[in-house]
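Below: the structure, in structure tokens.
The values are calculated or read from the model by the stated rules, or taken from the named source; none is laboratory data. Worth saying up front: this structure is predicted, and the values here are computed from it rather than measured. Note that each Cβ is placed from the backbone with ideal geometry, even for glycine, and that neighbours are counted across all protein chains shown.
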């Protein structure tokens, strides 16, 4: 019975992965490495620590290269300073986190990891790790295709991106610091249904309530609340 | 006659390039862009500035990705901190400059550029630009092959590289600063034959002559003189 349970879990990982990737993974061990959190203290057969961190290192560099290629071709008249600025926006931790969250990448983690052990950049880390795994499993072209679908296709307009706020939370906190205001984010968690949580974030400006929003993750509720605060500020400034 | 001269020059560029690359370039315009210096103030047919700088931006990111791939596969038991440190050594400006100088990349510049307009990192810049051009012209695999032949194949031993001094000049200047010594490099230039110069560098430690060397470039003569100084110091320390 135990064997059947594990096989089912394994098959489940493989089929979930296939529908995420849009192709069948060949070397499944690479993806298992990608979805292993360092806090699990796993090791490979030679006793080396096993987690997504090395794949993330590789994926991070690959993503930079693919985004550079994209920008080079699409921004003919722009110099390398512009290309560099735009790349930083596209590969920003906030942007990658949003994409990784949309893809539900933490759902693929092989073992459940306590929330307090997941860093705020876990989604971006897993996204980069996954890109590294795809590259090693199926080569540069397949990895590029994955980046095109999940990262580059989401860039609607480069001119718009140039002035776009990637994270309202970052914008709000930076604005507050620059203008000597105090901004507080108060996020609470409600267990709505079994295994489903709802997060509510309230924003206080200099101690006064300003906006609030709910969402299915802490991050999403904070972003939405900060966006609302931004819109309010935009009317006042 | 003028047309014949230019055609010959063009063919010469193409054939020199082919023997450098080991394959026939398809889109020669990319390589012309790579070997155009910003000081020429060239523009493309749409009026956009044309030089190696945008290709260098692309090649820089590609090189990082290729070196990351190399390190990931060859350093199984090492964490991402080690990978990151080793990558920095391999893609260091000093290392890339040495490789670009060995390949005589400034010889490919389409117009002669006054020496004082060539930055000290010109060889590394051209190496990265060339990698960007190969990638756009012939794809990732060909670009990877170029990096394997010209950058990765030169890494004899990673453990050795970990402790290796990439630049004796940097080492010497850092050592002097750390140990409160004064090191001076005095480089002079001699016109030996027509269009051929020889550079001599003398190293002074706290005002006393220590070593000297000659070379066909300022950089090479400095490196060699610093290496000799390093060997002398190594016996004394």
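Exactly one residue among B:43, B:37 is at pLDDT 90 or above and either loosely packed, with under 12 Cβ neighbours inside 10 Å or in contact with a strand residue (DSSP E or B) (Cβ under 7 Å, 6 or more places away or on another chain) (or both), and that residue is B:43.
Each row is one residue, and each column tells you yes or no for (1) outside the structural domain of residue B:23 (by TED's automatic domain parsing); (2) within 30 Å of residue B:209 (Cβ to Cβ); (3) surrounded by 14 or more Cβ atoms within 10 Å (Cβ to Cβ).
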residue	(1), (2), (3)
B:130	no, no, yes
B:138	no, no, yes
B:152	no, no, yes
B:173	yes, yes, yes
B:185	yes, yes, yes
B:188	yes, yes, no
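If you go through the stretch A:62-77 and pick out every residue that is in a loop (DSSP other than H, G, I, E, B) and more than 8 Å from chain B (Cβ to nearest Cβ), you end up with 1. Determine if the stretch A:124-146 includes at least one residue that is away from chain B (no Cβ under 14 Å), without any contact (Cβ under 8 Å) to a residue 60 or more places away in the chain and in a helix (DSSP H, G or I). Taking every residue of the stretch A:124-146 in turn, at least one turns out to be away from chain B (no Cβ under 14 Å), without any contact (Cβ under 8 Å) to a residue 60 or more places away in the chain and in a helix (DSSP H, G or I).
When residue B:83 is tested against (1) more than 8 Å from chain A (Cβ to nearest Cβ); (2) more than 21 Å from the chain's Cα centre (by Cα), exactly one condition is not met: (1).
Pairing residues of the stretch B:148-164 that are assigned to a loop (DSSP other than H, G, I, E, B) with residues that are surrounded by 13 or more Cβ atoms within 10 Å (Cβ to Cβ), at Cβ distances under 6 Å and at least 6 apart in sequence or on separate chains, gives B:155/B:161.
Looking at the stretch A:165-173, can you tell me whether even one residue there is at pLDDT below 90 and in contact with a strand residue (DSSP E or B) (Cβ under 7 Å, 6 or more places away or on another chain)?
Yes, the conditions are met somewhere in the stretch A:165-173.
Criterion applied to A:97, A:104 was being away from chain B (no Cβ under 14 Å) and on the phi > 0 side of the Ramachandran plot, and the one residue passing it is A:104.
Just checking, how many residues over the stretch A:212-231 are free of Cβ contacts under 8 Å to residues at least 24 places away in the same chain and closer than 17 Å to residue A:174 by Cβ? Qualifying residue count for the region: 1.
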